Amino acid sequence: MKIKRAMRVWQRHFMVYTKLYKSSIALNFVEPVMYLVAMGFGLGGYISEINGKPYINFIAPGIIASSSMFATVYECTYGTYVRIFFQKTFDAILATPVNIDDLIAGEIIWGATKSTLYGIIIIGTISAFHLVDSFFVLLIIPVVFLSGLVFAEISLICVALVPGIDSLNYFYTLFLTPMFLFSGIFFPLDAFPVFVGKIAYFTPLFHLTSICRALSAGNPAGAVEGVVWILVVAVLLVPFTFRFMRKKIIK
């Protein structure tokens, strides 16, 4: 694998994105902002504080995490599947000097880039609402790129394993939705049985939410464990992603 050729794949995706960004923003930006407004101001009108913070301030960092996650997952599940089987984009790319490993690496890097882009947008949005307490919130930017690698790897593994595009619904319903609801975005997990928190600990969104919340509050030390967890998982998933995707593309 050569990083230069992988970046050519990234460049191709970026050029396509610049032509279609309006519809993508509608999907990945408007929805999290609606969650922030509806839950923050709506439900927040009935909840005074959580952990000493107004409810909208509590959920705002979690919206950064969830928005960056969904941006990557949409891109690297449905987007990748369509590029492989419907648009035949992968066939065209592989007719060039780009090999399979370069192509997979380009997909992963592009997924992480989408995560970073939407993370930055939501950081700017919640900052405009004065919902952050520290400039340490800017440290979230490299973290969402790192977590974007994890979400991209998980998504590509899913694409490699599902028998058809309709089966991606199981991934969203059985994995993403529970992770979204039970990662501490909208409420602390302390009220649940202990096993719920233990299960959540093994999900990347839980750690990304914790990191975003710690950095938004000006507590970088509280983000260290989560960063280490995400980094380790990103490395561990690399061989599985390449192995499964090679089999899917060759088949």
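The values are calculated or read from the model by the stated rules, or taken from the named source; none is laboratory data. Since the structure is predicted, the reported quantities are computational estimates derived from the model, not experimental observations. A quick note on method: Cβ atoms are made from the backbone with ideal geometry, for glycine too, and the neighbour counts reach across all protein chains shown.
General remarks:
- Restricted to segment 11-62, and to residues there that are farther than 25 Å from L215 by Cα and charged (D, E, K, R), the residue that is modelled with the highest pLDDT is R12.
- Lone qualifier among F206, F171 - being over 24 Å from N57 (Cβ atoms), of a type outside the set (D, E) and at pLDDT 95 or above: F171
- Across segment 83-95, not a single residue is classified as among the small types (G, A, S) and either in contact (Cβ under 8 Å) with a residue 24 or more places away in the chain or crowded, with 23+ Cβ neighbours inside 10 Å (or both).
- I230 passes every criterion in (1) farther than 15 Å from V143 by Cα; (2) in contact with a His (Cβ under 7 Å, 6 or more places away or on another chain) apart from (1).
- Segment 164-189 - residue that is buried (at least 17 other Cβ atoms within 10 Å of the Cβ) and of a type outside the set (F, W, Y) and, of those, farthest from I211 (Cα to Cα): L168
- Qualifying residue in segment 106-117 (condition: crowded, with 24+ Cβ neighbours inside 10 Å and under 12 Å from M245 (Cβ atoms)): yes
- Qualifying residue in segment 143-153 (condition: touching a residue at least 12 places away in the same chain (Cβ under 8 Å) and more than 12 Å from the chain's Cα centre (by Cα)): no
- Among (1) crowded, with 20+ Cβ neighbours inside 10 Å; (2) not in a loop (DSSP other than H, G, I, E, B), the one test that F136 misses: (1)
- Identity of the residue in segment 192-251, of a type in the set (D, E, K, R) and part of a helix (DSSP H, G or I), that ends up surrounded by the most Cβ atoms within 10 Å (Cβ to Cβ): R213
- When L103, L146, L156 are screened for being part of a helix (DSSP H, G or I), touching an Asp or Glu at 6+ places or on another chain (Cβ under 7 Å) and within 24 Å of L236 (Cα to Cα), only L156 passes.
- Residue among T173, T209, T177 that alone is touching a Pro at 6+ places or on another chain (Cβ under 8 Å) and within 24 Å of L237 (Cβ to Cβ): T209
- Single residue of R213, R243 found to be free of Cβ contacts under 8 Å to residues at least 40 places away in the same chain, more than 18 Å from E75 (Cβ to Cβ) and out of contact with any strand residue (DSSP E or B) (no Cβ under 6 Å at 6 or more places or on another chain): R243
- D102 falls short on exactly one of the conditions (1) among the charged types (D, E, K, R); (2) in contact with a Lys or Arg (Cβ under 8 Å, 6 or more places away or on another chain); (3) closer than 30 Å to I56 by Cα, and that condition is (3).
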